[in-house]
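First up is the structure itself, then whatever we jot down about it.
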Amino acid sequence: MGAVETIKAIEAADLSTFLKDIPADLVVRGVQAYSRPLFVRYFKGYRIQMAAKRVREMVDHEVVGKGSEELGQLLSTLWNRANGRLYHAMYNKVRTVDENVDRIERIDDEKAEGFMAELLGDHDATRIYLCILFNEVKFSKEAIEKKLGKKIPIDPWPPKPTPEEAQAEAPAPESK
């Protein structure tokens with residue numbers, strides 16, 4: 001599952017929280033490095049104070065409308081950086097299940113609820129929910145709804161590994 005599907009699936013209020021968390025100047029610089037034409041279309045000649053409004057227009061048109069996975073991934077990465085404490089706390093908890101987090105197919109509900117309860121001490125439910133969605137943390141829909149009061153709008157959940165993840169998990173062929 002990609003960032004575009006996630007951005008399209010989340011509710012407007014959650015998308016607003018997601019975008020508000022990312023410093024506008026980072027989005028502008030990221031877009032400038034990623035695509036000069038997009039930078040010119042959305043940000044050239046605008047004051048940085050207008051950037052947040054322009055970011056939302058860009059997301060609505062380029063990510064939701066055109067399905068730009070690269071731009072969606074850029075925003076997801078910037079969100080994870082902006083919420084680094086939450087991202088690393090979640091990663092460290094999930095890593096206790098298996099050091100290679102990409103191999104995890106599912107985390108049992110009791111453990112998942114415990115992780116979320118601990119994270120709720122320092123972070124709000126919406127951001128934990130966004131972290132779970134954008135990083136494809138393998139908690140069940142039921143555990144997420146029970147602990148965070150949020151529904152997962154994506155089927156199937158948890159998502160299956162991408163072909164690249166499946167390839168990384170496959171044992172290396174033996175050399176002769």
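With respect to (1) within 21 Å of the chain's Cα centre (by Cα); (2) of a type outside the set (A, V, I, L, M); (3) surrounded by 15 or more Cβ atoms within 10 Å (Cβ to Cβ), the lone exception for Phe43 is condition (1).
Please give the helices (runs of 4 or more DSSP H) falling wholly within the stretch 1-116 in which 2 or more residues are among the basic types (Lys, Arg) and closer than 26 Å to Lys138 by Cβ. Steps first, please.
Values: elements: 3-9, 12-21, 24-34, 36-42, 51-58, 69-82, 84-95.
By residue number, 84-95.
Taking the numbered list (1) touching a Leu at 6+ places or on another chain (Cβ under 9 Å); (2) modelled with pLDDT of 95 or more; (3) not polar (S, T, N, Q) in turn, Phe115 passes all entries but (1).
When the test is whether a residue is surrounded by 17 or more Cβ atoms within 10 Å (Cβ to Cβ), out of contact with any Gly (no Cβ under 7 Å at 6 or more places or on another chain), within 24 Å of Glu11 (Cα to Cα) and not assigned by TED's automatic domain parsing to the domain that holds Ile22, Leu148 passes it. Evaluation of Ala89 against the conditions (1) out of contact with any Asp or Glu (no Cβ under 8 Å at 6 or more places or on another chain); (2) more than 20 Å from Val4 (Cα to Cα); (3) modelled with pLDDT of 95 or more; (4) among the aliphatic types (A, V, I, L, M) shows that the sole unmet condition is (1). Inspect all residues belonging to the stretch 77-84 and state whether any of them is surrounded by fewer than 15 Cβ atoms within 10 Å (Cβ to Cβ), within 20 Å of Leu130 (Cα to Cα), within 20 Å of the chain's Cα centre (by Cα) and of a type outside the set (Val, Ile, Thr). Yes, the stretch 77-84 contains a residue that is surrounded by fewer than 15 Cβ atoms within 10 Å (Cβ to Cβ), within 20 Å of Leu130 (Cα to Cα), within 20 Å of the chain's Cα centre (by Cα) and of a type outside the set (Val, Ile, Thr). As for the stretch 37-54, it holds at least one residue that is hydroxyl-bearing (Ser, Thr, Tyr) and either touching a Pro at 6+ places or on another chain (Cβ under 8 Å) or touching a residue at least 12 places away in the same chain (Cβ under 8 Å) (or both).
The values are calculated or read from the model by the stated rules, or taken from the named source; none is laboratory data. The model shown is predicted, which means the values in this text are computed figures rather than measured ones. In this analysis, Cβ positions are derived from the backbone assuming ideal geometry, glycine residues included, and neighbour counts consider all displayed protein chains.
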